[in-house]
Amino acid sequence: MSPYPKKAVGCGLWVGPQPTAHKGGKGGKQTMPGAIVGEVLVRQVTPEELPLLEAMYGSFEPKEVALGLPPRDPERRREWLKALLEGINFVGVIGQAVVGHLAIMPAGQAGELACFVHQDYRWRGVATAMGNAAVADARRRGLTWLWVLIGSDNSPARSALLNYGFHTAWESQGEMKMTFAL
């Protein structure tokens, strides 16, 4: 049985500090790491918590559909996650299940963003809540813009990113770069 049921119930995956409640706000204006937005807890994750992410991505589907990510092979996926954990990482938690992961890889004043939400929890505000926390954190760190690369055919991601405030920088050969000014 998957630890990611259709309804939010505890599965014993989440370990971390007690959250504090804050109001959510588009663009990260009010939401902070460790904040509860609706039913979603968002907090930063550390490299020591790699098993939490491995568990989520183990049942994540479809694999390798977003520009080849997340990797299907468990060893490649573990190495990919280790590399992401060198950046700034947030998880979305519902109940006690880690249901989303957002990473920012800073480079100068910009940060590359990657965001994945477990299929059983999509369209419940998980990505928006993690995005709000990530934007607030990126601003505190002095980043001035974020960017994400998606497949041009990924209409749900494109729509969500445009609604959040991202803009299309370019589109070519099946890929699209979208940017967000901080």
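The values are calculated or read from the model by the stated rules, or taken from the named source; none is laboratory data. Remember, it's a predicted structure, so these values are computed and weren't measured experimentally. In this analysis, Cβ positions are derived from the backbone assuming ideal geometry, glycine residues included, and neighbour counts consider all displayed protein chains.
Annotations for the structure displayed:
- Filtered residue count, segment 73-90, keeping only those that are surrounded by fewer than 13 Cβ atoms within 10 Å (Cβ to Cβ) and part of a loop (DSSP other than H, G, I, E, B): 2
- Output for segment 101-121, where each listed residue is in a loop (DSSP other than H, G, I, E, B) and free of Cβ contacts under 8 Å to residues at least 12 places away in the same chain: 108
- Summed over segment 137-157, residues that are out of contact with any Leu (no Cβ under 8 Å at 6 or more places or on another chain), part of a loop (DSSP other than H, G, I, E, B) and farther than 22 Å from residue 69 by Cβ total 2.
- Residue, surrounded by the fewest Cβ atoms within 10 Å (Cβ to Cβ), within segment 104-158, restricted to residues that are out of contact with any Asp or Glu (no Cβ under 8 Å at 6 or more places or on another chain) and aromatic (Phe, Trp, Tyr): 123
- Residue that is surrounded by the most Cβ atoms within 10 Å (Cβ to Cβ) [pool: residues in segment 53-67 that are touching a helix residue (DSSP H, G or I) at 6+ places or on another chain (Cβ under 9 Å), at pLDDT 85 or above and of a type in the set (A, V, I, L, M, F, W, C)]: 53
- Among the residues making up segment 93-112, those that are touching a strand residue (DSSP E or B) at 6+ places or on another chain (Cβ under 8 Å) and either at pLDDT below 95 or closer than 14 Å to residue 70 by Cβ (or both) are 93, 94, 98, 99, 100, 101, 102, 103.
- Condition check for residue 25: on the phi < 0 side of the Ramachandran plot and at pLDDT 90 or above: no
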